[in-house]
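Trainee: Below you will find the structure I want to go over with you.
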Amino acid sequence: MDIPRIFNITESAHRIHNPFTPAKLATLGAALRLEKGTRVLDLGSGSGEMLCTWARDYGVMGTGIDLSQLFTEQAKRRAAELGVADQVTFIHGDAAGFVADEKAGVAACLGATWIGGGVAGTIELLAQSLRPGGIILIGEPYWRQLPPTEDVAKGCLAGSIADFLLLPELLASFGHLGYDVVEMVLADQDSWDRYEAAKWLTMRRWLEANPGDAFAKEVRTQLTSEPARYAAYTREFMGWGVFALMNR
């Protein structure tokens, strides 16, 4: 049970597996006015940076579930490094369908809404683990500007223009599902750069260390094409944000 190997390679040096910087993550935590002892559930927790830093900074407790064995091990090491291993637990497993035994004050899925078949299904899944009055966090892409053609959308690694909404439409969609948007923190082009460009050095170092690996050809192809693709498409057209929701 694991994610595709290419992601374990390209994001192996990432602490945050979304276009967020540590400052953005800290801004989100402060914006939520987290109280000590708040229980946080993070589905698709990656390398655990959100749970670990919030445990350190705000005294939250939490559980993270991620499909990547590598990222889960990194999350456990990060918890030990920050001295919060007694506050947070990381599970290597499939977050799809996961419902916590103990209700959380914050239930999150940042950048992995495929676990619920999309935004609506993921919100429905998270709600099953949320205590009354709790907050759902959804991290989701949106169009900064609408792609002029389907080919441009595919250049952004979307299946089609219809895969994502413009920001006002995305915010309105949460209301249609019966939720108030009570906070949001958005990526900017700099945080996108830090997420995407950091992969390139990781790929280059991996290629230098693994010249005979059968996967090297795929990594080389991606390293060769990604900088120009990203600059032409994703950087110009894609937004990303974390949206805090409360049931009406």
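Trainee: Applying the Karplus parametrisation 6.51 cos²θ - 1.76 cosθ + 1.60 with θ = phi - 60° to the phi angles of segment 130-145, what ³J(HN,Hα) value in whole Hz is obtained for each residue in order, glycine and proline being reported as x?
Mentor: Calculated HN-Hα couplings, in order: 9, 6, x, x, x, 10, 9, 10, 10, x, 8, x, 8, 7, 5, 9 Hz.
Trainee: Next up: Hey, can you find the accessible area per residue of segment 120-248 for me, probe 1.4 Å, expressed in square angstrom?
Mentor: 50 Å²
Trainee: Moving to a separate point now. Suppose a student asked you for the relative contact order of segment 83-225, using Cα pairs under 8 Å spaced at least 6 residues apart; what percent would you report?
Mentor: This gives 15 percent for segment 83-225.
Trainee: Let me ask something else. To the nearest 20 Debye, how big is the dipole of segment 41-92 about its Cα centre, given +1 on the beta carbon of each Lys and Arg and -1 on that of each Asp and Glu?
Mentor: My answer is approximately 60 debye.
Trainee: For segment 1-148, state the semi-axes of the equivalent ellipsoid (square roots of 5 times the eigenvalues of the alpha-carbon gyration tensor), sorted largest first and rounded to whole angstrom.
Mentor: Result for segment 1-148: semi-axes of 21, 19, 16 Å.
Trainee: Here is a further query. Within the set of other residues whose C-beta is less than 10 Å from the C-beta of residue 235, count the net charge using Lys and Arg as +1 and Asp and Glu as -1.
Mentor: Its environment carries a net charge of -1.
Trainee: What residues have an amide H closer than 5 Å to that of residue 144, excluding those fewer than 5 places away on the same chain, when H is modeled at 1.01 Å from N in the peptide plane?
Mentor: The answer is 238, 239.
Trainee: In whole percent, and with a 1.4 Å probe on the protein chains, what portion of the accessible area of segment 69-191 is carbon and sulfur?
Mentor: 53 percent
Trainee: While we're on this one: Based on the alpha-carbon gyration tensor of the chain, what equivalent-ellipsoid semi-axes (square roots of 5 times the eigenvalues) come out, in whole Å, largest first?
Mentor: 28, 24, 15
Trainee: Sort 130-139, 102-111 by the packing proxy (mean of other Cβ within 10 Å over each peptide's residues), most packed first.
Mentor: 102-111, 130-139
Trainee: Please compute the net charge surrounding residue 132, taking Lys and Arg as +1 and Asp and Glu as -1 over other residues with Cβ under 13 Å from its Cβ.
Mentor: Net charge in that neighbourhood comes out at +3.
Trainee: Just the Cα atoms of segment 1-58: what Rg and Dmax do they give in Å?
Mentor: 12.9, 38
Trainee: Across bins of 5 angstrom width beginning at 0, how are the C-alpha pair distances of segment 91-201 distributed, in whole percent?
Mentor: Final binned percentages: 2, 10, 17, 21, 19, 15, 10, 4, 1, 0.
Trainee: From the C-alpha gyration tensor of segment 178-248, pull out the three semi-axes of the equivalent ellipsoid (sqrt of 5λ each), sorted largest to smallest, in whole Å.
Mentor: Sorted largest first and rounded, they come to 35, 14, 10 Å.
Trainee: Placing +1 at every Lys and Arg Cβ and -1 at every Asp and Glu Cβ, with all other atoms neutral, what dipole size does the chain have around its Cα centre, in debye to the nearest 20?
Mentor: It comes to approximately 380 debye.
The values are calculated or read from the model by the stated rules, or taken from the named source; none is laboratory data. Just so it is clear, the structure is predicted and the values come from calculations on it, not from any experiment. Quick reminder, even Gly has a Cβ in these numbers, built from the backbone with ideal geometry, and neighbours come from all protein chains shown. Please note that ligands, DNA and RNA were not included when accessible areas were found on the heavy atoms of the full protein model with its side chains. Shrake-Rupley method; radii C 1.70, N 1.55, O 1.52, S 1.80 Å.
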